[in-house]
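Trainee: I have a structure I would like to understand better, so I am pasting it below and will then ask my questions one at a time.
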Amino acid sequence: ASDYVKTLQNADGGFPDFGATSRAGATIDAAWAFNAVGVDPNTVQKGGKSPADFLSSQSASYSASSAGAAAKLVLGLQTLGLGATSFGGINPRAVMEANYDPATGKYGTDLFAQAYFMLAEGNLGATVPAASITYIEGLQGADGGWEDCCGFGEDTNTTGLVVRTLIASGVPASDTHVVNGLAYLKASQQADGGCPYVAPGASDPDSTAFCVQAIVAAGQSVEAGGPWDKGSGATPLSALVSFQNAATG
C-alpha cells in the first residue's frame, strides 16, 4: 500500500486527493500513512522534493482556509518531526489556537476540526483543555453516535474519530461516552465485519478504518476471536484487508 501511495507523489513533493494536483490535506494524509508503517515521510521524495517542501509552500493559505486545516497542519508537522511554531513563514500553532474558544470549549465549526485540535494539543505535550472534552461529549447522540456538524446526522467516521480522540485526551475506555460510542459502532457493524458510513449500508474501507482506529484505541481486538468477530473470521480487520486492490496495492 505504501509503495502504491509513493507512485502518486508529484514533482512538488505533494500528493493529490482526487485528480492529479497536489493538496495539503492529502499530503498530510500520505505522511500519516507512511509514518504508520515505519517509513519516514521525509525520505519519500520526487526530484528531491519531499512532503515538507510542498507543505511549506502551502502552509499560510492552507491554515487560513479553515480551523480544521489549521489543526491538521499542526498534526502533519508533528508527524514530519518539524516544529509547530515556525514553518512556511507562519506560526502554525498560534494560527490553530486562535480558532479555539476557551469559554465554550469549541474549536472550529465541525467535530473533525475539534478532534484534530485536541489530538494536536495532546501531541504537543499540552494538557487538552477540559472544556474541549466536555464540549465534544455534550454533542453525543442518544444512541452513542456523533455527527460531524449541525444536522448532518450521526456517522461511523465521526464517531470513530471522536472515540479515538477522547481516549487520546485522557478519557478512560470505561467512560460512558466511550462505551456508548463503541456501542454505536458495534450496532453499525455489518456481517462482513466492516462498517458503513451510516447503517444500514454496505461496508466501505474509509468507514471501516475509522472503526478500527476507535476499537484499537479502546484496547479491543479487531481480529478473529475478539469481541468484534462476526463469525467465520469476518472481522473489522479482515474486512479492511478485503478492500485492497490486488493489482495495485
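Trainee: Along the Cα→Cβ direction, 7 angstrom out, place labels at residue 223 and residue 61. What is the inter-label distance in nm?
Mentor: Taking the two extended label points, one gets 4.6 nm.
Trainee: How much length would be gained if the chain were fully extended between residue 244 and residue 82, taking 0.36 nm per residue of separation minus their Cα-Cα distance, in nm to one decimal?
Mentor: Additional length available on full extension: 55.2 nm.
Trainee: Related question: Grab the other residues whose beta carbon is less than 15 angstrom from that of residue 233, score K and R as +1, D and E as -1, and report the net.
Mentor: Residues near residue 233 contribute -2 overall.
Trainee: So which aspartates and glutamates can residue 186 reach, going by Cα to Cα under 13 Å and dropping same-chain residues fewer than 8 places off?
Mentor: Once the sequence-local aspartates and glutamates are set aside, what remains near residue 186 is 143, 155, 229.
Trainee: Here's another thing I want to ask about it. Taking residue 106 as the anchor, which lysines have their alpha carbon closer than 25 Å to its alpha carbon, excluding any fewer than eight residues away along the same chain?
Mentor: 72
Trainee: Over the chain, what is the mean sequence separation of C-alpha contacts under 8 Å (at least six apart), divided by residue count, expressed as relative contact order in percent? Display every interim value, and only then the final one.
Mentor: Values: 430 pairs, mean separation 29.1, N = 249.
In percent, rounded to a whole number, it is 12.
Trainee: How big is Rg to Rh over the range 1-154, alpha-carbon atoms, Rh as the Kirkwood inverse-mean-distance radius?
Mentor: 1.00
Trainee: Ranking request for peptides 77-83, 207-213: highest mean number of other beta-carbon atoms within 10 Å first, then the rest in descending order.
Mentor: Details: 77-83: 17.6, 207-213: 23.7.
Top to bottom by mean Cβ count within 10 Å: 207-213, 77-83.
Trainee: Can you pull the one-decimal nm distance between simple spin-label points at residue 202 and residue 173, each 7 Å off the Cα toward Cβ?
Mentor: Going from the residue 202 label point to the residue 173 one covers 3.2 nm.
Trainee: With a 10 Å radius around each residue's Cβ, average the other Cβ atoms per peptide and rank 195-203, 234-242, highest first. Provide the component values of the computation, followed by the final result.
Mentor: Details: 195-203: 17.7, 234-242: 21.2.
Top to bottom by mean Cβ count within 10 Å: 234-242, 195-203.
Trainee: Would you mind calculating the gained length between residue 150 and residue 18 on full extension (0.36 nm times residue separation, minus the Cα-Cα distance), in nm to one decimal?
Mentor: Details: separation 132, 0.36 × 132 = 47.52 nm, distance 2.61 nm.
That works out to 44.9 nm of additional length.
Trainee: Still on this structure, I have one more. Just the ratio, please: alpha-carbon radius of gyration of the range 70-199 over 2.2 N^0.38 Å, N its number of residues. Present the calculation step by step, with values, prior to reporting the outcome.
Mentor: On the way: Rg = 15.3 Å, N = 130, 2.2 N^0.38 = 14.0 Å.
Dividing the Cα Rg of the range 70-199 by 2.2 N^0.38 Å gives 1.10.
Trainee: Residues of the range 97-249: accessible area per residue at 1.4 Å, in Å²?
Mentor: It amounts to 44 Å² per residue over the range 97-249.
The values are calculated or read from the model by the stated rules, or taken from the named source; none is laboratory data. Computed from a predicted model, the values in this text were never measured in an experiment. Neighbour counts are summed over all protein chains in view; Cβ atoms, including those assigned to glycine, are modelled from backbone coordinates with ideal geometry. Only protein heavy atoms, including side chains, enter the accessible area calculation; ligands, DNA and RNA are left aside. Shrake-Rupley method; radii C 1.70, N 1.55, O 1.52, S 1.80 Å.
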